[in-house]
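All remarks here apply to the structure that follows.
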Amino acid sequence: MLRLYNSLTKRLEDFIPLHAGRVSMYVCGPTVYGLLHIGNARTIMFWDIARRYLEHCGYQVDYVQNFTDIDDKIIKKAQAEGVTAEAIASRYTEAYFADMDALGVRRATHYPCATDSVGDMIRHIEGLLEKGLAYVVDGDVYFRVAGFPDYGKLSGRAVEDNEAGARVEVDDRKREPADFALWKAAKPGEPAWGSPWGQGRPGWHIECSAMVRRVLGDTIDIHAGGKDLKFPHHENEIAQSEGLTGLPFARTWMHTGFLNMGTEKMSKSLGNIRTTRDVVAAFGAQPLRYFMLQTLYRSDLDFTEEAVKAAATGLANWRDTLARLSGQAHGDSPDEREQANAWLTRVDQGFSQAMNQDLNTAAALAHLQALTHDMRRAFADGSASGQSSAVFQPAIARLRDLASTVLGLDLSAPERAVATLDGQASAFLDLLVSLRAEAKTERNWGLADRIRDRLLALGVRLIDQKDGTTTWEAATPAALP
Ligand code: AMP
Ligand code: ZN
């Protein structure tokens, strides 16, 4: 049973979608005025994995992610460059797809844009005005927060907090400081649309309420985004949507933690960003993914280059180990089939157990790694007694398949051949060779053989020379039994 942490109830809950077999999911996407940084990428990549896991569980997922393509920041950038807001938005929407494709993020089922949905937003605002939940001041329209008693139920913030909250505009035409703009009257030189209140453009929050309603309906299963959006953005979405329909807007609210630079949230306004493009070029998409997935999505995660490099090494070693274990199947006795099934069951059970507990990719990876370690140990022990590696093959195939289809991790090909053992590895090998020589002089043949067999399992073959010395060579995975 899949359990998800619901930010609204602040509890882990059994996930039961509104319609059996189908899940509707909406993720607040980027404001397209610059390249995505790896904080954005963490959030976008993770919700893609949530969607993949839901599909893996057999659900049909309607996965919607919007683009905010009209906004103060876009207009400002367009003015600075002397181009249209549309040109800026389309440039960075294209860049978004290029970067997310490179990172291995699958395409959503729908990508609505704010500018495509202005008509829906106007109708939504008209509905709120009819209900007395909004008011017009000189071509601007505001939401009347006092008219929605549930305000604050997601973020736990009191209405008064709106005065000082982030992304809350100061505007003395509002009746109450907590009220927020649904529609902004046009300013000279800015893009504008016709409306019953004159030329203007929508506020940021109304975009998502209107797009969710149009594409997915009044009540959706999962609404997600980064935790910075909980307040005021998601709180305002709830007020606008539930204020209009009287129905629950999203049954499960989910939020990713921050990717931090040092201990501060990575954000454009702080100027501490690393673009996804740069990081992928420098370290590769797979190491970046692996680095991010080793932490539970709800926790904050500190970015360091060292950590991504360590992830690259860890991933390469993991691939090597799997490649070495992926030897020829040597037979198919009933005994081997039984062992093979036992390994296979362990892959599936542990993976689902981890992912079912709030999509815990960190625990899922830890499980797959522990299993790889166990197989390697069993192989090293087994190779001494002449057992084949056939019993691991179904489990390895399954493990690779889960890693790829759910986590987007490619565990198939070794990143580097064992033949490129570096200087430090050579020194360790020489040490082991000399310890084995000592074991032999002490007539400890068991230990000497064990060292030889264990090294073979790790991809290194010892060759005893006639003169009593021993050399070693890297054994390619194919050369292993
Ligand atoms: P924005 O364009 O700032 O609205 O961000 C697009 C998405 O990325 C939103 O879901 C944000 O919550 C998320 N996001 C922004 N900065 C970070 C960060 N440092 N760590 C994780 N997610 C972030
Ligand atoms: Zn939104």
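The values are calculated or read from the model by the stated rules, or taken from the named source; none is laboratory data. Source: prediction; values computed, not measured. Positions of Cβ are generated from backbone atoms using ideal geometry, with glycine treated the same way; all protein chains shown enter the neighbour counts. Side chains included, ligands, DNA and RNA excluded: accessible areas come from the protein's heavy atoms. Shrake-Rupley method; radii C 1.70, N 1.55, O 1.52, S 1.80 Å.
Once the piece of chain linking LYS131 and PHE283 is laid out straight, how much longer is it, given 0.36 nm per residue of separation minus the C-alpha distance between them? Please report the intermediate quantities before stating the final value.
On the way: separation 152, 0.36 × 152 = 54.72 nm, distance 5.35 nm.
Stretched out fully, the LYS131 to PHE283 stretch lengthens by 49.4 nm.
Antiparallel versus total DSSP beta bridges in segment 186-303: what percent is that, nearest 5? Spell out each step's value before the answer.
On the way: 3 of 12 bridges.
Antiparallel bridges make up about 25 percent of those DSSP assigns within segment 186-303.
Please work out the FRET efficiency for the pair THR345 and ALA316, using the Cβ-Cβ distance as r and a Förster radius of 35 Å; give the result to the nearest 0.05.
On the way: r = 28 Å, r/R0 = 0.80.
So the FRET efficiency works out to roughly 0.80.
Report, in listed order, any pair from LYS131/LYS174; LYS76/LYS265; LYS73/LYS268; LYS153/LYS184; LYS10/LYS230; LYS227/LYS265 with a Cα-Cα distance greater than 21 Å. Write down the numbers at each step before the final one.
Details: LYS131/LYS174 18 Å; LYS76/LYS265 23 Å; LYS73/LYS268 11 Å; LYS153/LYS184 26 Å; LYS10/LYS230 13 Å; LYS227/LYS265 11 Å.
Pairs exceeding 21 Å: LYS76/LYS265; LYS153/LYS184.
Hey, any idea what Rg/Rh is for the chain, computing Rh the Kirkwood way over Cα pairs?
On the way: Rg = 28.2 Å, Rh = 25.5 Å.
Ratio value, two decimals: 1.10.
Probe 1.4 Å, all protein chains in place: accessible area of ILE273 in Å², nearest 10?
Here the residue's solvent-accessible area equals roughly 50 Å².
Compute the long axis of helix 85-103 from its Cα atoms, compare it with the longest principal axis of the Cα atoms of the chain, and write down the angle in degrees, 0 to 90, nearest 10.
Once rounded, one gets 20 degrees.
Tilt of helix 72-81 relative to the longest C-alpha principal axis of the chain, in degrees (0 to 90, nearest 10)?
80 degrees
Applying 1/(1 + (r/R0)^6) with R0 = 60 Å to the Cβ-Cβ distance of GLN60 and ASP467, what FRET efficiency is obtained, to the nearest 0.05? Numbers along the way, then the final one.
Working: r = 68 Å, r/R0 = 1.14.
Approximately 0.30, to the nearest 0.05.
Which shape class applies to segment 276-357: rounded if a/c is under 1.5, otherwise prolate when a/b exceeds b/c and oblate if not, where a ≥ b ≥ c are the square roots of the Cα gyration tensor eigenvalues?
On the way: a/c = 4.14, a/b = 1.81, b/c = 2.29.
Verdict is oblate for segment 276-357.
What do you get for the angle between helix 305-325 and the principal long axis of the chain? Use alpha-carbon atoms, 0 to 90 degrees, nearest ten.
For 305-325 against the chain, the angle is about 50 degrees.
Based on DSSP, what percent of beta bridges with both residues in the chain are antiparallel, to the nearest 5?
Bridges in the chain are about 50 percent antiparallel.
How many percent of the accessible area of the chain is carbon or sulfur, using a 1.4 Å probe? Let's see the in-between values first.
Values: 10720 of 21110 Å².
Carbon with sulfur: 51 percent of the solvent-accessible area.
Which shape class, rounded, prolate or oblate, goes with segment 9-114 when its Cα gyration tensor gives a ≥ b ≥ c as root eigenvalues, a/c under 1.5 marks rounded, and past that a/b bigger than b/c marks prolate? Walk me through the numbers before you get to the answer.
Values: a/c = 2.51, a/b = 2.24, b/c = 1.12.
Here segment 9-114 falls in the prolate category.
Distance from the Cα centre of segment 76-137 to that of segment 224-268, in angstrom?
Segment 76-137 and segment 224-268 have Cα centres spaced 17 Å from each other.
Nearest-5 percent of antiparallel DSSP beta bridges in segment 1-105? Could the numbers behind the result be given before it?
Values: 5 of 12 bridges.
About 40 percent, rounded to the nearest 5.
Testing the spin-label approximation: label points 7 Å from Cα along Cα→Cβ at TRP445 and LYS76. State their distance in nm.
Once both label points are built, they end up 7.9 nm from each other.
What are the GluC sites (Glu not before Pro) within segment 430-477 that DSSP puts in a loop, where the Cβ has at most 10 other Cβ atoms within 10 Å?
Details: sites: GLU438, GLU442, GLU473; in loops: GLU442.
In loop regions of segment 430-477 (DSSP not H, G, I, E or B), the sparsely surrounded GluC sites (Glu not before Pro) are GLU442.
For segment 255-392, with every protein chain kept in place, what is the accessible area per residue (1.4 Å probe, Å²)? Display every interim value, and only then the final one.
On the way: 5940 Å² over 138 residues.
Ligands and nucleic acids excluded, the figure is 43 Å² per residue.
So if R0 is 25 Å, what FRET efficiency would ARG11 and ASP150 give, r being the distance between their Cβ atoms, rounded to the nearest 0.05?
Efficiency, rounded to the nearest 0.05: 0.90.
So how do 73-85, 235-247 stack up, highest first, on mean other-Cβ count within 10 Å?
On the way: 73-85: 15.5, 235-247: 22.6.
Top to bottom by mean Cβ count within 10 Å: 235-247, 73-85.
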